[in-house]
Structure formats: C-alpha cells, structure tokens
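Worksheet for the structure shown next.
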C-alpha cells in the first residue's frame, strides 16, 4: 500500500530482482561474446575447435531471451508501437493496456501448456544435444519458464489495469 492507502501498481514498485536479473543477463551476454570470440580465434588461428561452444551459445541465448521476456513484460518496457496509445485519453490508454494484457496472458498461457507438453515428450525419449550431450529438455524448458513467467506477469498487469479502471472516474456523458 502507498502512504495514501491506495494500492501500488506493480509497475511502480522498485524491482531489485528485475535489476539483478538484468545484470545477470548482461553478464551472460558478455560471457557469450567472450566465448564466441575465443572459439573463433582458436578455430581459425590455432586450428583448435571448442566442441559444443556453438551449441552452448544457442542454448544460453534461448534462456536469455525467455528470461528477459519476463522482465520486460513485468516492467512494461517491451517494444511497442505507441502511435494510438499516445493519442487517446488516459482512461482509453488503460483500456488498451488491459486489452494488450488479455492477449498476452492468453497467448502465453497457451504457449506454456504446449511447450510443457513438448518438453515432457522430449524428456521421455531422452533426447540429448549432439556435442554436449545435454538433455534437450533443458533448453526447451526455457520456453516453459519464459512463457509461464510472462503469463503471470501479464495477468498481474491486467489485474492492475482493471483496478485502475475501477478506481478512475468515468467521463461525463454529453
């Protein structure tokens, strides 16, 4: 609750966890760049191949994107076309945000269910990656985490939008 007794919207709460996740993702990206450069240098200069480096880079990128999707959704900082949003009244902005979050929640929930089903099938057959022999359920589970987390984040934002609409005064009819 805020000092005025009003609930605080999720996007207005400081997110130390989100900041920490952003730092970890940034460090992961820097590590991936270092690994990629080292792999290329070793391959072309010394004729040494890092077995599995490319595979590891792809898997890390998948996890990075899916975890990042949760963070940007929760902070409402995803890429958006705001042509319409900037030209409507505040109440209509909240309505557009609610519509956006309805679509996000539904689409991500759907994707989560089907990704979970796929991960279970991959795990059941014991499929592993070619170079690292990593169970393929691990990189595919990133989709479950990403879509599941985004479902939760967008559902919470939807609840916040609905609460804003309920509290906001309605414009007078003319």
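Quick notes on this structure:
For every residue, the table says whether it meets (1) closer than 16 Å to residue 63 by Cβ; (2) free of Cβ contacts under 8 Å to residues at least 40 places away in the same chain.
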{"position": "103", "(1), (2)": "no, yes"}
{"position": "114", "(1), (2)": "no, yes"}
{"position": "119", "(1), (2)": "yes, yes"}
{"position": "134", "(1), (2)": "yes, no"}
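- Of residues in segment 49-67 being in contact with a helix residue (DSSP H, G or I) (Cβ under 7 Å, 6 or more places away or on another chain) and at pLDDT below 95, the one nearest to residue 26 (Cα to Cα): 50
- Residue count for segment 62-84, restricted to those that are surrounded by fewer than 14 Cβ atoms within 10 Å (Cβ to Cβ) and free of Cβ contacts under 8 Å to residues at least 24 places away in the same chain: 7
The values are calculated or read from the model by the stated rules, or taken from the named source; none is laboratory data. Small disclaimer: the values here were computed from a predicted structure and weren't measured. Every residue, glycine among them, receives a Cβ derived from its backbone with ideal geometry; neighbour counts consider all protein chains shown.
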